[in-house]
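Chemist: The structure is given below, and queries will be raised subsequently.
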Amino acid sequence: MMERLGQSSEFAARCWVKADHRLPIAGSVKARGGFHEVIAFAERVALAHGLVEANGDLLSLVKPEVKELFSRYSVVVGSTGNLGMGIGLISAALGFRATVHMSHDAKAWKKQRLRDNGVEVVEHGGDYAEAVAKGRTASEADAFSHFVDDERSLDLFVGYAAAASELAVQLRECAIPVDHDQPLFVYIPCGVGGAPGGIAYGLKRIFGQHVHCIFAEPVQSPCMLVQMLSGMDRCVSVYDIGLTNRTEADGLAVAQASMLVAPLMVERLDAIYTLTDDQLLSLLLVDHETIGLGVEPSSASAFAGPLMLSTEPGKAYLAKHGLTDRVGQATHIMWTTGGSLIPATERAALLERAIQVAPFTTDF
Ligand SMILES: *Cc1c(COP(=O)(O)O)cnc(C)c1O
């Protein structure tokens, strides 16, 4: 795939995919943070009722009497789609009542899949932040309801952060060192910031300055970029600088970054690049024609990461960090964050549009 995008075979051999789009049930990175949060809540409820033992086998959470208990509780979440899918499906599987508040970006098939699995879907005309706010309010009114707060939850964040130790093990198994001479570059699509922020937090803890954490955002929804450039004194949204927050990358259609995560990124996030919807679609097509991973547009943004290093800002970044001579020995990881659940008809429609756009280029 990287050779098709104009890179040398030596460079291509150093590019890897962390395929979170293949994670079971959620089909996205949400299986990390979202599942951790719901299972942690389930454990607390079961513990409070004496139905499981502290630090016992979590599989006892699926016993019939525990499921019976869970049916009295509901789990509520606001989402542009994937978080709702992850939370809704795991909550319903454990026996909770589940309600997902969806923003206008949410794809029809995601809503249908949730309804087919017994999840209640509440549709809102507004954006992601509005869906989250509506869900939060609805949940607060009900003592038996747990709200998964994508903008503020620490349980979500640490669930994502745990991915870093998994990756460290995988790198070791593949005999790939990460050190001064062989730095690691990780490219992760960013929405509200929880998933990429958690992963970056974990990676920096393990690899320190030898890992370079780079986020990808849509041109119309670069909420983390806007917040980083504005400083941490106040929240700034993409609307404040005249952008629309309209993008084909529904997983990244977020106007305002998490203020739990943004301050943690000041010292940890190394760079951000943005892509137009046409660039995302063209990358989707290259994927389809080469390795065929079948990711969604949000996730395709990761594929541009290694190419961004040869742009002028990319070269300036390498020079600033004294990496120009060592970049040839670097390892690149493109974090594909979602897409394996896309129905065939949706995928065909996306590819249909992708053939109409110009081939991928970093000059736009
Ligand atoms: C949620 C999501 C992201 C980003 O996660 P945030 O926590 O919103 O930053 C990236 N890609 C896909 C496919 C997602 O579903």
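Chemist: Would you check if there is a residue in region 250-257 being within 13 Å of the ligand (Cβ to nearest atom), over 15 Å from Ala195 (Cβ atoms) and touching a Lys or Arg at 6+ places or on another chain (Cβ under 9 Å)?
Modeler: Narrowing region 250-257 to residues within 13 Å of the ligand (Cβ to nearest atom): 250-257.
Of the ones still in play, those that are also over 15 Å from Ala195 (Cβ atoms) are 255-256.
Keeping just the survivors that are touching a Lys or Arg at 6+ places or on another chain (Cβ under 9 Å) gives none.
The answer is no; no qualifying residue exists.
Chemist: Can you give me the number of residues within region 180-198 that are farther than 24 Å from Gly328 by Cα and either in a helix (DSSP H, G or I) or away from the ligand (no atom under 15 Å from the Cβ) (or both)? Break it down stepwise before answering.
Modeler: Keep residues of region 180-198 that are farther than 24 Å from Gly328 by Cα, which gives 190-198.
Those still in the list that are either in a helix (DSSP H, G or I) or away from the ligand (no atom under 15 Å from the Cβ) (or both) too: 194-198.
Final tally of qualifying residues: 5.
Chemist: Tally the residues that are assigned to a strand (DSSP E or B), among the charged types (D, E, K, R) and within 21 Å of Leu94 (Cβ to Cβ), restricting the search to region 104-126. Don't jump to the end; show me each part of the working.
Modeler: In the first step, residues of region 104-126 are kept if they are assigned to a strand (DSSP E or B); the result is 120-123.
Right, trim to among the charged types (D, E, K, R) and you get 120, 123.
Among the residues that remain, those that are also within 21 Å of Leu94 (Cβ to Cβ) are: 120.
Number satisfying all stated conditions: 1.
Chemist: Continuing with the same structure: Out of Ala42, Ala26, which single residue is away from the ligand (no atom under 16 Å from the Cβ) and closer than 23 Å to Asp155 by Cβ?
Modeler: On the way: Ala26 fails: away from the ligand (no atom under 16 Å from the Cβ).
It is Ala42.
Chemist: Separate question: Quick check on region 319-332: of everything there that is surrounded by 19 or more Cβ atoms within 10 Å (Cβ to Cβ) and of a type in the set (A, V, I, L, M), which residue is modelled with the highest pLDDT?
Modeler: It comes out as Ala330.
Chemist: Every residue in region 200-235 that is touching a Ser or Thr at 6+ places or on another chain (Cβ under 8 Å) and part of a strand (DSSP E or B), please. Quick ask: steps written out before the conclusion?
Modeler: Here is the first cut: in region 200-235, the ones touching a Ser or Thr at 6+ places or on another chain (Cβ under 8 Å) are 202, 206, 216-223, 225-226.
Selection gives Ala216, Glu217, Pro218.
Chemist: Considering only residues that are closer than 26 Å to Gly328 by Cβ and of a type outside the set (A, V, I, L, M, F, W, C), look in region 199-217 and name the one that is nearest to the ligand (Cβ to nearest atom). Break it down stepwise before answering.
Modeler: So the first thing to find is which residues in region 199-217 are closer than 26 Å to Gly328 by Cβ, and the list is 199-200, 203-204, 206-216.
From what's left, of a type outside the set (A, V, I, L, M, F, W, C): 204, 208-210, 212.
On the way: Lys204: 17, Gly208: 23, Gln209: 23, His210: 23, His212: 18 Å.
Checked region 199-217; the qualifying residue nearest to the ligand (Cβ to nearest atom) is Lys204.
Chemist: Something else about it: Can you work out which of the residues in region 130-179 that are under 27 Å from Ala302 (Cα atoms), of a type in the set (A, V, I, L, M) and not in a helix (DSSP H, G or I) is nearest to the ligand (Cβ to nearest atom)?
Modeler: Taking the candidates together, the pick is Val148.
Chemist: Pairs please, first residue from region 331-355 and more than 19 Å from Ala106 (Cβ to Cβ), second anywhere and in a helix (DSSP H, G or I) and among the aromatic types (Phe, Trp, Tyr), Cβ atoms under 6 Å, 6+ apart in sequence or on different chains.
Modeler: Cβ pairs passing all conditions: Met334/Phe303.
Chemist: Is it true that some residue in region 299-318 is in contact with a Lys or Arg (Cβ under 7 Å, 6 or more places away or on another chain) and within 15 Å of the ligand (Cβ to nearest atom)?
Modeler: Step one: list which residues in region 299-318 are in contact with a Lys or Arg (Cβ under 7 Å, 6 or more places away or on another chain), which gives none.
No - not one qualifying residue is present in region 299-318.
The values are calculated or read from the model by the stated rules, or taken from the named source; none is laboratory data. Keep in mind the model is a prediction, meaning the values are calculated, not measured. Reconstructed Cβ throughout: ideal geometry from the backbone, glycine too, with neighbour counts over all protein chains shown.
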